[in-house]
1. Among the candidates A:Val177, A:Val241, A:Val211, single out the residue that is among the β-branched types (Val, Ile, Thr) and in contact with a Leu (Cβ under 6 Å, 6 or more places away or on another chain).
2. Which ones in the range B:408-424 are open to solvent by 80 Å² or more (accessible area, probe 1.4 Å) and farther than 9 Å from B:Lys389 by Cβ?
3. Find the residue count for the range B:101-126, including only residues that are over 30 Å from A:Arg63 (Cα atoms) and either within 11 Å of chain A (Cβ to nearest Cβ) or not aliphatic (A, V, I, L, M) (or both).
4. Kindly list the number of the only condition in (1) open to solvent by less than 20 Å² (accessible area, probe 1.4 Å); (2) of a type outside the set (Lys, Arg); (3) out of contact with any Ser or Thr (no Cβ under 7 Å at 6 or more places or on another chain) that fails for A:Ala375.
5. Which one of B:Ala366, B:Ala322, B:Ala275 is more than 14 Å from chain A (Cβ to nearest Cβ) and in contact with a helix residue (DSSP H, G or I) (Cβ under 7 Å, 6 or more places away or on another chain)?
6. Please specify each residue of the range A:1-32 satisfying the condition of being outside any helix (DSSP H, G or I), at the interface with chain B (Cβ under 8 Å from one of its Cβ atoms) and at pLDDT 95 or above.
7. Could you pull out the residue among B:Leu31, B:Leu37, B:Leu47 that is more than 10 Å from chain A (Cβ to nearest Cβ), at pLDDT 90 or above, open to solvent by less than 10 Å² (accessible area, probe 1.4 Å) and within 23 Å of the chain's Cα centre (by Cα)?
8. State which residue is least open to solvent (accessible area, probe 1.4 Å) when the search covers only the range A:378-402 and only residues that are of a type outside the set (D, E, K, R) and either at positive phi or within 11 Å of another protein chain (Cβ to nearest Cβ) (or both).
Amino acid sequence: MQLTLWTYEGPPHIGAMRVATAMRGLHYVLHAPQGDTYADLLFTMIERHGARPPVTYTTFQARDLGSDTAEIFKQAAAAAYERFRPQAMIVGASCTAELLQDDPAGLSKALGLPIPVIPLELPAYQKKENWGASETFYRLVRTLAPAAPAPERPKASCNILGPTSLGFRHRDDLREVRGLLGDLGIAVNVVAPLGATPADLGRLGQAAFNVVLYPEVARNAAQWLEKTHGQPFVETAPIGVTGTTAFIEAVAALAGVDPAPVLQGEGSRLTWYARSVDSTYLTGKRVFVFGDATHAIAAARVAAREIGFSVVGLGTYSREFAREVRAEAALHGIEALITDDYLAVEAAIAAAQPELVLGTQMERHIAKRLGIPCAVISAPMHVQDVPARHAPQMGFEGANVLFDTFVHPLMMGLEEHLLAMFRDDPEFHDRVAPSHLGGRPREEAETAVVAAPVTAATPVVWSIEAERELKKVPFFVRGKARHNTERFARERALPLITVETLYDAKAHFSR
Amino acid sequence: MTALASPLPSAVPCGPEIRHERGQRAVFCGLTGIVWLHRKIQDAFFLVVGSRTCAHLIQSAAGVMIFAEPRFATAIIEERDLAGLADAHEELDRVVRRLLERRPDIKLLFLVGSCPSEVIKLDLGRAAARLSGTFAPDVRVLSYSGSGIETTFTQGEDACLAALVPDLPHSNDESLLVVGALADVVEDQFSRLFADLGIADVRFLPGRRAADRAPIGPKTRYLLAQPFLTDTARALEDRGATRIPAPFPLGAEGTTLWLAAAARAFGISPARLAAVTEAGRTRAARALQAHRASLSGRRVFFFPDSQLEVPLARFLSREMGAELIEVGTPYLHRGHLADDLALLPDGTRVTEGQSLDDQLDRCRAARPDLTVCGLGLANPLEAEDLATKWSIELLFTPIQGYEQAGDLAGLFTRPLARRARLEG
């Protein structure tokens with residue numbers, strides 16, 4: 001048993017729903033009790049879908065357990081076919097129905113429906129949402145893409161695989177990647193699952209190669225297509241300027257087109273903005289990154305190489321991609337955190353003392369409690385992660401979005417310099433509210449909040465002079481200075497923190 | 001409505017037309033109640049023993065992650081727990097120990113059963129007794145089932161309160177127990193009204209803190225504040241308490257009839273009741289007046305959700321002049337709802353249970369002016385240009401009593417007013 005306050009991923013049938021809801025002409029019959037229908041609201045409320053997900057739940061009850069839950073499944077599947085007339089159906093069980101062992105696969109086969117019915121085995125007590133999405137997409141592709149390769153395949157043609165419903169910015173990434181491919185002169189044959197019909201999956205073999213946007217969802221399907229249809233695939237995530245450039249080069253090479261015109265185009269503002277002198281203050285900012293594998297790895301790369309941060313923590317809840325995340329962490333000289341335990345992530349962030357957290361909605365809460373700025377870079381999805389505006393993570397526009405996303409939570413650089421320069425100014429020091437707000441003294445709350453949760457361990461005593469000296473440190477780094485000094489003192493078992501200790505600690509930590 | 005409502009009809013001559021429906025349901029399971037129960041009992045922790053789905057449900061229903069350090073969590077059953085039950089109990093002990101070490105402020109721990117824990121027959125009652133022994137006297141451990149195969153949405157509160165009843169101390173004194181989670185502000189208003197009526201000993205279930213346990217016994221009379229408390233009522237009657245039949249305190253009329261029932265039971269004169277409630281009735285009438293124009297004559301369709309549907313329909317039809325197309329409810333307790341059912345217009349279509357797609361067909365065909373439904377259905381219906389009120393808000397918002405009557409009406413008029421603005 002695992003104690004869980006928040007979960008990063010839902011159960012695997014939610015992954016199947018993300019695929020089914022993204023597609024058209026597909027229906028999902030899910031053997032599940034009534035409570036599982038909550039999943040509808042993920043799509044209708046978080047993603048604001050204007051239609052119910054194409055899912056029929058059997059909603060069996062306790063009184064049915066003694067009689068015939070299998071019969072309920074058969075009736076539900078038959079009724080769903082009659083009502084929705086889908087091109088294909090997927091059938092399976094959620095966690096409770098899995099325990100009943102009613103065999104949705106056999107039951108639906110017995111119905112003899114005149115459409116492909118694809119049974120899903122999604123072990124709810126072992127696997128999670130992204131695995132479920134990947135397995136569902138793989139099963140669909142395996143069943144619906146004919147084994148015989150298409151005779152005619154234009155070289156400059158590809159499929160885009162991976163975008164789903166309730167995926168982090170999938171809608172906007174797709175538009176961006178379609179644009180890049182269009183500019184390169186590469187035709188997009190099929191996009192799947194998002195927007196595809198089962199019939200479209202039958203046409204997958206007509207493209208020369210596949211573009212995998214999210215390996216969490218589409219790697220298995222792409223590997224199968226490579227093996228059976230001889231389609232190579234590109235898995236380079238076009239996130240950040242470097243990632244996007246590498247992606248363009250990779251697809252251009254497979255398609256036999258010249259990448260130069262696109263690479264010499266407008267590009268991203270990120271490159272210049274990062275070089276602009278006001279970005280100097282970003283240098284070496286300590287950043288902690290956590291999310292799904294694709295977004296965490298990409299965010300770490302962009303943070304370190306394109307913005308000049310120091311990555312002090314990198315982790316993922318995607319255990320299936322632990323190897324990739326560990327390799328990326330090694331490049332930053334750190335060890336990856338592979339866990340889906342929210343409490344372990346919280347402890348790791350507190351220990352790393354980052355100045356910025358790039359994480360999920362969960363890390364946003366952790367960061368808020370620790371008083372650290374945070375930006376959200378990955379699912380699980382929140383209604384805020386489905387903005388009205390175009391806000392991709394991928395492509396050059398995605399790089400622009402990332403620059404803003406990573407930098408805005410931090411205090412702007414020039415502002416920071418000015419604050420330091422004028423910190424003793426009677427109208428400007430940190431104990432006074434801004435003059436346009438009346439300039440009354442303000443409470444010391446902010447810095448106390450920053451320091452308190454982290455330093456709960458051993459009490460250390462500050463001398464009055466040292467406290468006074470600490471107050472001269474700009475308030476936005478004071479929490480960190482306090483923490484570092486106390487840690488320094490504790491490690492050396494110093495009974496009292498003096499002004500000397502403060503500067504010894506400063507020297508020690510600025511190595 | 002400043003005058004007292006007319007006395008209730010003694011029998012139902014024609015009454016509503018009640019039908020049953022079976023099929024696909026679109027409702028939450030009883031685990032959802034944790035979302036408001038953990039706010040109500042301020043030192044209680046709710047540990048669901050269930051699957052990843054359970055954890056995901058609560059997180060999604062809880063306003064999508066609003067509480068950074070919630071007082072609820074899930075002990076997720078994994079493959080190896082399914083291998084042997086003895087192991088599952090040891091695992092549960094380990095999880096509870098870790099939890100209570102982290103949260104020394106917790107005084108009452110609920111082990112909440114789920115669909116998978118029911119199906120594998122994990123005995124949480126036994127686990128609760130064992131853990132209570134371990135952690136007494138600092139923490140009491142109780143158990144109930146919020147499983148979706150046994151409970152629908154608000155029935156989770158019923159199961160939780162029923163679990164509290166055997167734990168209440170005994171008393172032979174005359175007392176009034178108000179049963180059902182109410183917002184603190186509503187409780188305080190009712191407390192003042194009962195005090196003014198002259199009912200001395202009034203307690204609420206659940207209490208605001210674990211230690212706040214109302215004594216009950218054969219002279220306890222209880223008044224249900226929520227219509228979904230079947231098991232709780234049975235448990236209270238097992239302890240000798242007797243129910244005061246009444247409509248539910250929604251709207252001015254509902255509140256008056258509810259208070260009147262208590263007054264009658266405690267031998268308080270109608271004159272006293274009229275005097276005590278006058279200010280509240282006047283304010284409620286004024287507040288409701290503002291909303292009546294926009295609800296009068298509006299055609300309303302209820303999908304089954306919270307079991308509040310029947311009293312809400314009664315309020316909308318009698319106090320707001322709305323027309324009821326269909327009143328869906330997941331489960332209908334004919335005894336507890338008798339007084340509300342009797343006040344529905346003759347021939348009102350009440351549907352118990354659900355067949356989702358058929359009901360959606362009926363709703364689309366009727367094109368109601370306002371549809372009260374769960375969160376999963378609201379946006380799809382809005383996209384079909386049907387105004388909706390999502391019903392979970394009716395559980396989170398204080399709606400009972402005189403001072404909230406206007407707010408209750410406002411929950412129904414807001415979607416209409418909003419559409420008018422956006423079309424404006």
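1. Values: A:Val177 fails: in contact with a Leu (Cβ under 6 Å, 6 or more places away or on another chain); A:Val211 fails: in contact with a Leu (Cβ under 6 Å, 6 or more places away or on another chain).
Sole residue among the options that is among the β-branched types (Val, Ile, Thr) and in contact with a Leu (Cβ under 6 Å, 6 or more places away or on another chain): A:Val241.
2. Here is the first cut: in the range B:408-424, the ones open to solvent by 80 Å² or more (accessible area, probe 1.4 Å) are B:414, B:418, B:421-424.
If the condition is that a residue be open to solvent by 80 Å² or more (accessible area, probe 1.4 Å) and farther than 9 Å from B:Lys389 by Cβ, then B:Arg418, B:Arg421, B:Leu422, B:Glu423, B:Gly424 are the ones that fit.
3. Residues meeting the conditions: 6.
4. Result: A:Ala375 fails condition (3) only.
5. It is B:Ala322.
6. Result: A:Glu9, A:Gly10, A:Pro11.
7. From the options B:Leu31, B:Leu37, B:Leu47, the qualifying one is B:Leu37.
8. A:Gly395
The values are calculated or read from the model by the stated rules, or taken from the named source; none is laboratory data. Since the structure is predicted, the reported quantities are computational estimates derived from the model, not experimental observations. We place every Cβ from the backbone using ideal geometry, glycine too, and count neighbours over all the protein chains shown. In case anyone asks, the SASA skips ligands and DNA or RNA and just uses the protein heavy atoms, side chains included. Shrake-Rupley method; radii C 1.70, N 1.55, O 1.52, S 1.80 Å.
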